[in-house]
């Protein structure tokens, strides 16, 4: 008999092992380095992948809440630094690493983060030249975003006052280094933006430093705020060899704060010199123009047309006469055309007149009546002629005419003409029709003739 109490269930075993992992102090916080494997980015979800080296690999889970805090986008094959803890996934009985942080290795987290953010913003068009605003030539007010205690504001003010004392410079202090620097820079820019069109140009900058020192000027929020400014922005971050995302998105970049002040303001001495030169050139141009106009005036005074002003109108008078003739001719042609059209319409109107139509119908009726009478007379005449011919023909073939020569014709009691002895019977009564009367006879004897011979 097997003792069931000795055997553990699979769930119990996995739970026991899980507790061992949780109670092991060395597994509460583990720092790993390795290469990302089987990484497939899942939108708005937890991330599942592997971390491997030359000899081994381990399954890794990074929950959405931790993954969304990453400042770079992990990619397949990327070497990374990961921190988290090890635990057992009970349903499958497998242990895996639960990652909480991740940083790229090799070039460093900051460089990789900078590269990915630059690619992202470049695809959105934030660095395109068509979005760059023009720096005004003569600014009235300049806003400067930088540290209040640094040398940047001093260099900008000294340079601007030397070149263009007219410009008013206002400082909007912000932290230019540290974790809170990006927020203070954005707040200062938003404060300037809230002033409307008070400022003509904005200078943002700080001195040189490492990538970590200049990092606030690579923050996405700072870059997007610079892009959203309604007035032009001059970036002066670090030295000439240092390039930040703020430099790329700004409307202009200066290598140093002094260069930024020079970019934002004109040199008053140069401007005054240019004004003197332009005034001299303008005076010379005016004198030359006056001299040219005097020459033109002299030529006009001696022009034949001014000597005989009436000649000015010769061509015009001739043209007026020609146009008058053409106008009269056009009017005459128009009147003729309209007269012809009017007559044509009158004739068409007469043709469509009811009285004209009645007259035409009366003529047609008279013609039809006349034609009818003529046709009837001709028809009657023709019929009379045909009747006379028929009467003549009847008269020619009439038995009465034959009877008048001594012949008679015989009929029986029914009025049928007797033409042969075959129709006769003995004692039959017959009628003899003479020219001037009739006689009734009885048949007493019938003789037939055949071939000229008599037979009884």
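The values are calculated or read from the model by the stated rules, or taken from the named source; none is laboratory data. Note that the structure is predicted; figures quoted are calculated from it, not measured. Don't worry about glycine lacking a Cβ; one is built from the backbone with ideal geometry, like all the others, and counts go over all protein chains shown.
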Does residue 213 satisfy being without any contact (Cβ under 8 Å) to a residue 24 or more places away in the chain and assigned to a helix (DSSP H, G or I)?
no
Those residues that are surrounded by 18 or more Cβ atoms within 10 Å (Cβ to Cβ) and assigned to a helix (DSSP H, G or I), I need them from the stretch 264-294; list them, please.
264
Hey, residue 259 in the same structural domain as residue 149 (by TED's automatic domain parsing) and more than 22 Å from residue 118 (Cβ to Cβ) or not
yes
Tell me whether the stretch 46-61 contains one or more residues that are at pLDDT below 90, assigned to a loop (DSSP other than H, G, I, E, B), in contact with a helix residue (DSSP H, G or I) (Cβ under 8 Å, 6 or more places away or on another chain) and loosely packed, with under 12 Cβ neighbours inside 10 Å.
no
Residue tally, condition modelled with pLDDT of 90 or more and surrounded by fewer than 22 Cβ atoms within 10 Å (Cβ to Cβ), over the stretch 232-251
3
Answer residue from the stretch 298-320, given it is exposed (fewer than 10 other Cβ atoms within 10 Å of the Cβ) and under 59 Å from the mean Cα position of the chain (by Cα) and is modelled with the highest pLDDT among those:
316
For the stretch 140-154, the count of residues that are assigned to a helix (DSSP H, G or I) and in contact with a strand residue (DSSP E or B) (Cβ under 9 Å, 6 or more places away or on another chain) equals 2
Within the stretch 71-104, can you find the residues that are part of a loop (DSSP other than H, G, I, E, B) and closer than 28 Å to residue 18 by Cα?
90, 91, 92, 93
If we keep just the residues of the stretch 105-139 that are modelled with pLDDT under 80 and not in a loop (DSSP other than H, G, I, E, B), which is surrounded by the fewest Cβ atoms within 10 Å (Cβ to Cβ)?
111
Among strands (runs of 3 or more DSSP E) completely within the stretch 412-456, the ones holding 3 or more residues that are at pLDDT 80 or above and more than 60 Å from the chain's Cα centre (by Cα) are 429-433, 438-442
Surrounded by fewer than 19 Cβ atoms within 10 Å (Cβ to Cβ) and touching a strand residue (DSSP E or B) at 6+ places or on another chain (Cβ under 6 Å): which single residue out of 168, 220, 180, 212 fits that description?
168
